[in-house]
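Chemist: Sharing a structure below in structure tokens format, with a few things to ask.
Values in this text are rule-based calculations from the coordinates and carry no lab data. This one's a predicted model, so the numbers in the text were calculated from it and none came from an experiment. Ideal geometry is used to build each Cβ from the backbone, glycine not excepted, and the neighbour counts take in all protein chains shown.
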Amino acid sequence: MTITIPCVDLKSATSSVSDSGIAQQLDKALSSHGFCYIQGHGISEAEISQIFEANHAFHRLAQHDKEAIAVNAFHRGYIGKGASKTVTSTVATATHSNRSESFMMMQSVSPDHGQWGSAIFGPNQWPESLGNHFRTQCFSYLKAMQKLANELTQRLAVALGLAPDAFSHWFTEPTVFLRLLKYPAAATTDPQGEFGSAPHTDHGFLTLVAQDATSGLQVRGTDGTWIPLPPVRNALVLNVADMLSVISGGRWPSSPHRVVLNRSERYSTAFFYDPNFSAIIEPQVPPATSTGDEARIRYGEYLMARFDRNYRYRSEAG
């Protein structure tokens, strides 16, 4: 039997965030694999088209132009081929670096911010040759996705039987990432054990992925099989990340997922919406199995520990 991942129509333009029918659909969809497609999300085809235009424009740059903005200590800039290796996976031991390259930007931070110059609190980096147009495209998409993600925090709270604003105290200064990814075409000479992105879970609250027409994204099922998430027109992929799984008491799993290489290049745009760096995350509903010592995680510490282990630039910096 072929397992398919469900699709939920948010009806963002017409439905309340307290809509019980949509809440029930989200709960049912995320309880199985922690993944679903979403439609009716309010992100226009034009907005998605523009961010893919920016994605392609960045990856067409000469290598020296990309390396001129190599990822900085604040996790912003160009992440080159072989610059990451998923050593924090719970389901597989990575034998090779991830076969991808990407441009990473985050929310703007002012130099007068109290944490400026530490952890993730620093400047974005921009390719000079693409000018302001590229920057505008990225910020426009980031703004639209942040609005959608804020809506989803409310809908997901309702899906757990809580008030729509139950998570709001964790998102007064959310941690936001936009990653423009390119995966190379596979070759018959590639060694075994290579992935565009090796099996991993995401570290934050939720992830929203826009895919091009090439397949490759897969989620691990409860029986260990890998379930494909092929591109669906006008749909984004939503997945539960580690912090949301904790908040749900484990009701919604943060499932391992991976990107396998295809005979064609693949581009995707991943948006990560995470709590305040200083947030202390705890279950908000009773866990399915209680140990008496429930999870309590300082998000910022958890995030930096993941970066330290998975990214070469951090180990090289000591």
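Chemist: Alpha carbon centre of segment 38-85 versus segment 241-281: separation in Å?
Modeler: Their Cα centres are 18 Å away from one another.
Chemist: Next up: Apply 1/(1 + (r/R0)^6) to the Cβ-Cβ distance of GLU67 and SER168, taking R0 = 41 Å, and write down the FRET efficiency to the nearest 0.05. Working shown, then result.
Modeler: Numbers: r = 40 Å, r/R0 = 0.98.
The calculated FRET efficiency here is 0.55.
Chemist: Report the local net charge at LEU229: Lys and Arg +1, Asp and Glu -1, summed over other residues whose C-beta lies under 15 Å from its C-beta.
Modeler: On the way: positive: ARG220, ARG233, ARG258, ARG266; negative: ASP202, ASP212.
Residues close to LEU229 contribute a combined charge of +2.
Chemist: For THR214, enumerate residues with amide H under 5 Å from its amide H, sequence gap 5+ or separate chain, H modeled in the peptide plane.
Modeler: For THR214, the qualifying residues are TYR267.
Chemist: Loop sites only, by DSSP: take the trypsin sites (Lys or Arg not before Pro) in the chain that have at most 12 other C-beta atoms within 10 Å and name the longest stretch containing none of them. Mind dumping the intermediate values first?
Modeler: On the way: sites that count: ARG60, ARG233, ARG263, ARG296.
Answer from the scan: 61-232.
Chemist: Continuing with this model, one more query. Rounded to the nearest 5, what % of DSSP beta bridges with both residues in the chain are antiparallel? Show your work: numbers first, answer last.
Modeler: Values: 44 of 48 bridges.
DSSP beta bridges in the chain are roughly 90 percent antiparallel.
Chemist: Run the numbers for VAL285 and ASN132: contour at 0.36 nm per residue of separation, minus the present Cα-Cα distance, in nm.
Modeler: On the way: separation 153, 0.36 × 153 = 55.08 nm, distance 4.49 nm.
Extending this stretch completely gives an extra 50.6 nm.
Chemist: Further question on the same structure: Once you place label points 7 Å from the Cα toward the Cβ at TRP226 and THR4, how far apart are they in nm?
Modeler: Inter-label distance under the simple model: 2.2 nm.
Chemist: Which cross-chain or sequence-distant (5 or more) residues have an amide H under 5 Å from the amide H of ILE281, H modelled 1.01 Å from N in plane?
Modeler: Distant-sequence amide H within range of ILE281: ILE297, ARG298, TYR299.
Chemist: Amide H neighbours of ASP9 under 5 Å, at least 5 residues apart or on other chains, H built in the peptide plane: list them.
Modeler: GLN39
Chemist: Under 30 Å between C-alpha atoms is the cut-off here; go through the chain and count lysine pairs that meet it, provided they're at least eight residues apart or on different chains.
Modeler: 16
Chemist: Pop out the ³J(HN,Hα) list for segment 215-229 in order, Karplus 6.51 cos²θ - 1.76 cosθ + 1.60 with θ = phi - 60°, rounded to Hz; leave Gly and Pro as x.
Modeler: 6, x, 6, 9, 10, 7, x, 5, 8, x, 7, 9, 9, x, 10
Chemist: Still on this structure, please answer the following. Would you kindly derive the ³J(HN,Hα) couplings of segment 40-51 from the backbone phi angles with the Karplus curve 6.51 cos²θ - 1.76 cosθ + 1.60 (θ = phi - 60°), listing them in order in whole Hz, with x for Gly and Pro?
Modeler: Each residue's phi maps through the Karplus curve to give x, 8, x, 8, 6, 4, 5, 5, 5, 4, 5, 6 Hz.
Chemist: Let me ask something else about it. Starting from one equal scatterer on each C-alpha and no solvent at all, send me the Debye-based log10 I(q)/I(0) for the chain at q = 0.07 Å⁻¹, two decimals.
Modeler: -0.26
Chemist: Right, next: As a test of the formula, what do you get for the chain when each DSSP H run with n ≥ 4 contributes -39,500 (n - 2.57) and the sum is divided by the residue count, at 222 nm and rounded to the nearest 500 deg cm²/dmol?
Modeler: On the way: 7 runs with 86 residues, N = 318.
Calculated mean residue ellipticity at 222 nm is -8500 deg cm²/dmol.
Chemist: Run the numbers for HIS113 and LYS11: contour at 0.36 nm per residue of separation, minus the present Cα-Cα distance, in nm. Before the final figure, lay out the partial values.
Modeler: On the way: separation 102, 0.36 × 102 = 36.72 nm, distance 3.70 nm.
Roughly 33.0 nm would be gained on extension.
Chemist: Still on this structure, I have one more. Net charge near GLY216, counting Lys/Arg +1 and Asp/Glu -1 over other residues with Cβ under 12 Å of its Cβ? Numbers along the way, then the final one.
Modeler: On the way: positive: ARG99, LYS182, ARG258, ARG263, ARG266; negative: ASP212, GLU265.
Residues near GLY216 contribute +3 overall.
Chemist: Here's a follow-up. I need the phi-derived Karplus couplings for segment 260-272: 6.51 cos²θ - 1.76 cosθ + 1.60, θ = phi - 60°, integer Hz, Gly and Pro marked x.
Modeler: Values, residue by residue: 8, 7, 10, 6, 10, 4, 9, 10, 9, 10, 10, 10, 10 Hz.
Chemist: Next up: What FRET efficiency do you get for ARG233 and GLN24 if R0 is 25 Å and r is their Cβ-Cβ distance, rounded to the nearest 0.05?
Modeler: Numbers: r = 25 Å, r/R0 = 0.99.
E between ARG233 and GLN24, to the nearest 0.05, is 0.50.
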